[in-house]
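To start, the structure itself, in structure tokens.
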2 protein chains.
Amino acid sequence: MSTSEIYRTLPEQIAAQLRQEVLSSKLKPGDPLREVDLSERFGVSRGPVREAFRQLTQQGLLVLEPNKGVRVAQNPSVEVRPLVVRLRRTIETFVLKSIFERITADDVSYWEDILADIKAACESNDVDALTEHDLRFHQAIIRSHDDKDLFALWQPIAMRMMMHYNRLDDIMDSYREHKRILDAIRAGDKTAALDALETNIQ
Amino acid sequence: MSTSEIYRTLPEQIAAQLRQEVLSSKLKPGDPLREVDLSERFGVSRGPVREAFRQLTQQGLLVLEPNKGVRVAQNPSVEVRPLVVRLRRTIETFVLKSIFERITADDVSYWEDILADIKAACESNDVDALTEHDLRFHQAIIRSHDDKDLFALWQPIAMRMMMHYNRLDDIMDSYREHKRILDAIRAGDKTAALDALETNIQ
DNA sequence: GGATTGCAGATTGTCAACAATGGACACTTG
DNA sequence: CAAGTGTCCATTGTTGACAATCTGCAATCC
């Protein structure tokens, strides 16, 4: 992980690593994951690996079949993708509307740090890092809401959007879109912020 | 379980039982669940119980804190509940719209069976059974879509709505609402069916 | 020849023992 | 007496052994 986030438990560390590999297409849809392989690779027993599988299944990145193990999930079909976009927009705009008046300078400063990471990833053309920081940006917004359950609601939807997907011709657009969101927030322009957010989610 | 559904794995059976107890408020928000207690109760080791905990966590019924175990989740806050309603409506109307032209006689016949269960539950004033069959009804609709991933997307949202909640003054209303959905489907009236579905989800 | 059965290896499912963690409460210390 | 420290116990986290299940392939039968 390029971020120095602290994962408290063994399964979380394993899940974080595997998530990164799925989102970066190092692991492709349909690829099987073997418990023993991974337990040897991470130097743990099969228990924590199974637990990590469970977390990633919940996030929609892996699919589990009893007695047959887990595989990397397929991308949402072309038919379902617009639904996922709509769901994610619904949640994120709900949260932004809800917290808008209570956004603190600390919040903005934290989001700016992430924006800087996004900018760096764009400039060095590092798609994997961009995916990671893009996710962190939106995650940070969701997490600033009081109701922590919103994150659990949002995560599986957002993950399904981030899987093996790249809609941008110019990678720098990602930076511009996120900057536009943050600029509008800083200016206190709620309508513009919501519009910028919706534009970014597609 | 009053239905004779077949659960293939041990964890699924345990999860089904616990889910029923959470949805029927036998287990209340904040109640802790102990691995050893449940493993003794179900006559298995702690492994399958942990696995069941993971499934229910993913569905939003339980909340997991590392090194501290799981508790029954809180109801969605009054602020978040409208969002959950909107998300569930979005998914279910999307599915109904999408499958409408391809609904078979077998589908309708199966849904009628569930409607009969709903009617029976209403008439005998059995709220727990009603919750179960209400869930089965909507689940059946979601599952008739080709994209099986939709169910995974829908479930955590629907579960959050079903937790310890009863919006109806007259329990028979539930039967009437579901009957109205099915009548509209039988009549081939898509608009009416979608409207009836939205009315039922609140 | 094509379908069915039976085996063998690989893989997941379950278990019970042991390790690590966290919280309560008594104890020391200033 | 208040703040901090240590110990114990309940509980979860991790492990490795063993059981059950699935998959592919070869032998058998019609």
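When you scan segment A:58-70, how many residues do you find that are open to solvent by 20 Å² or more (accessible area, probe 1.4 Å) and more than 7 Å from chain B (Cβ to nearest Cβ)? Before you say what the answer is, go through the steps one by one.
Step one: list which residues in segment A:58-70 are open to solvent by 20 Å² or more (accessible area, probe 1.4 Å), which gives A:58, A:63-69.
Checking the rest, the ones that are also more than 7 Å from chain B (Cβ to nearest Cβ) come to A:63-65, A:67-69.
Number of matching residues: 6.
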_Residue within segment A:84-95 that is in contact with a Pro (Cβ under 9 Å, 6 or more places away or on another chain) and closer than 30 Å to A:I181 by Cα present_ = yes
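Where residues in segment B:141-157 are under 21 Å from B:V22 (Cβ atoms) and touching a helix residue (DSSP H, G or I) at 6+ places or on another chain (Cβ under 6 Å), which of them is most open to solvent (accessible area, probe 1.4 Å)? Break it down into steps so the answer makes sense when it comes.
Taking segment B:141-157 first, the residues under 21 Å from B:V22 (Cβ atoms) are B:142, B:151-157.
Then keep just the ones that are touching a helix residue (DSSP H, G or I) at 6+ places or on another chain (Cβ under 6 Å); that gives B:142, B:151, B:154, B:157.
Values: B:I142: 2, B:F151: 33, B:W154: 2, B:I157: 4 Å².
Among those that are under 21 Å from B:V22 (Cβ atoms) and touching a helix residue (DSSP H, G or I) at 6+ places or on another chain (Cβ under 6 Å), it is B:F151.
When you go through B:R102, B:R46 one by one, which is the residue that is outside the structural domain of B:I142 (by TED's automatic domain parsing) and farther than 30 Å from A:K97 by Cβ?
Working: B:R102 fails: outside the structural domain of B:I142 (by TED's automatic domain parsing).
None of the others qualify; the one that does is B:R46.
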*Do you know which residues across segment B:89-110 are open to solvent by less than 70 Å² (accessible area, probe 1.4 Å) and either free of Cβ contacts under 8 Å to residues at least 60 places away in the same chain or within 17 Å of A:D147 (Cβ to Cβ) (or both)?*
B:T90, B:F94, B:V95, B:S98, B:I99, B:T104, B:D107, B:S109
*Assuming B:R54 fulfils every condition listed in (1) away from DNA strand D (no atom under 15 Å from the Cβ); (2) in contact with a helix residue (DSSP H, G or I) (Cβ under 7 Å, 6 or more places away or on another chain); (3) farther than 23 Å from A:T90 by Cα apart from one, which condition is it?*
(1)
*With the checklist (1) more than 14 Å from chain B (Cβ to nearest Cβ); (2) outside any loop (DSSP other than H, G, I, E, B) in hand, flag the one item A:D169 doesn't pass.*
(2)
_Pair list, Cβ under 6 Å, 6 or more apart: segment B:43-68 residue β-branched (V, I, T), other residue within 11 Å of DNA strand D (Cβ to nearest atom) and assigned to a loop (DSSP other than H, G, I, E, B)_ = none
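Return the only residue of A:R41, A:R19 being over 22 Å from the mean Cα position of the chain (by Cα) and more than 9 Å from DNA strand D (Cβ to nearest atom). Break it down stepwise before answering.
Values: A:R19 fails: over 22 Å from the mean Cα position of the chain (by Cα).
That would be A:R41, the only listed residue that is over 22 Å from the mean Cα position of the chain (by Cα) and more than 9 Å from DNA strand D (Cβ to nearest atom).
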_For the list (1) within 26 Å of B:D147 (Cα to Cα); (2) more than 14 Å from chain B (Cβ to nearest Cβ), I need the number of the one condition that A:Q155 fails._
(2)
*So is A:R54 within 16 Å of DNA strand C (Cβ to nearest atom) and either crowded, with 17+ Cβ neighbours inside 10 Å or not assigned by TED's automatic domain parsing to the domain that holds A:D147 (or both) or not?*
yes
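Among the residues of segment B:18-39, is any β-branched (V, I, T) and surrounded by fewer than 18 Cβ atoms within 10 Å (Cβ to Cβ)? Even if it seems obvious, please write down each step before you answer.
First, pick out the residues of segment B:18-39 that are β-branched (V, I, T): B:22, B:36.
With the extra rule that they be surrounded by fewer than 18 Cβ atoms within 10 Å (Cβ to Cβ), the set shrinks to B:36.
Yes, segment B:18-39 contains at least one residue that is β-branched (V, I, T) and surrounded by fewer than 18 Cβ atoms within 10 Å (Cβ to Cβ).
Give the residues of segment A:96-139 that are within 14 Å of chain B (Cβ to nearest Cβ) and touching a Ser or Thr at 6+ places or on another chain (Cβ under 8 Å), sorted by residue number.
Restricting attention to segment A:96-139, the residues satisfying the condition of being within 14 Å of chain B (Cβ to nearest Cβ) are A:96-102.
Across segment A:96-139, the qualifying residue is only A:I99.
Checking the condition open to solvent by less than 50 Å² (accessible area, probe 1.4 Å) and within 14 Å of DNA strand C (Cβ to nearest atom), which residue from B:A15, B:A73 passes?
Values: B:A73 fails: within 14 Å of DNA strand C (Cβ to nearest atom).
Just one listed residue meets the conditions, B:A15.
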*Somewhere in segment A:123-130, is a residue in contact with a Leu (Cβ under 7 Å, 6 or more places away or on another chain), closer than 28 Å to A:L83 by Cβ and buried (at least 20 other Cβ atoms within 10 Å of the Cβ)?*
no
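Looking at B:I171, is it open to solvent by less than 10 Å² (accessible area, probe 1.4 Å) and in contact with a helix residue (DSSP H, G or I) (Cβ under 7 Å, 6 or more places away or on another chain)?
Numbers: open to solvent by less than 10 Å² (accessible area, probe 1.4 Å): no; in contact with a helix residue (DSSP H, G or I) (Cβ under 7 Å, 6 or more places away or on another chain): yes.
So B:I171 does not fit the description; no.
The values are calculated or read from the model by the stated rules, or taken from the named source; none is laboratory data. Quantities reported herein were computed from a predicted structural model and do not represent experimental measurements. So basically every Cβ, Gly included, is an ideal-geometry build from the backbone, and we count neighbours across all protein chains shown. Only protein heavy atoms, including side chains, enter the accessible area calculation; ligands, DNA and RNA are left aside. Shrake-Rupley method; radii C 1.70, N 1.55, O 1.52, S 1.80 Å.
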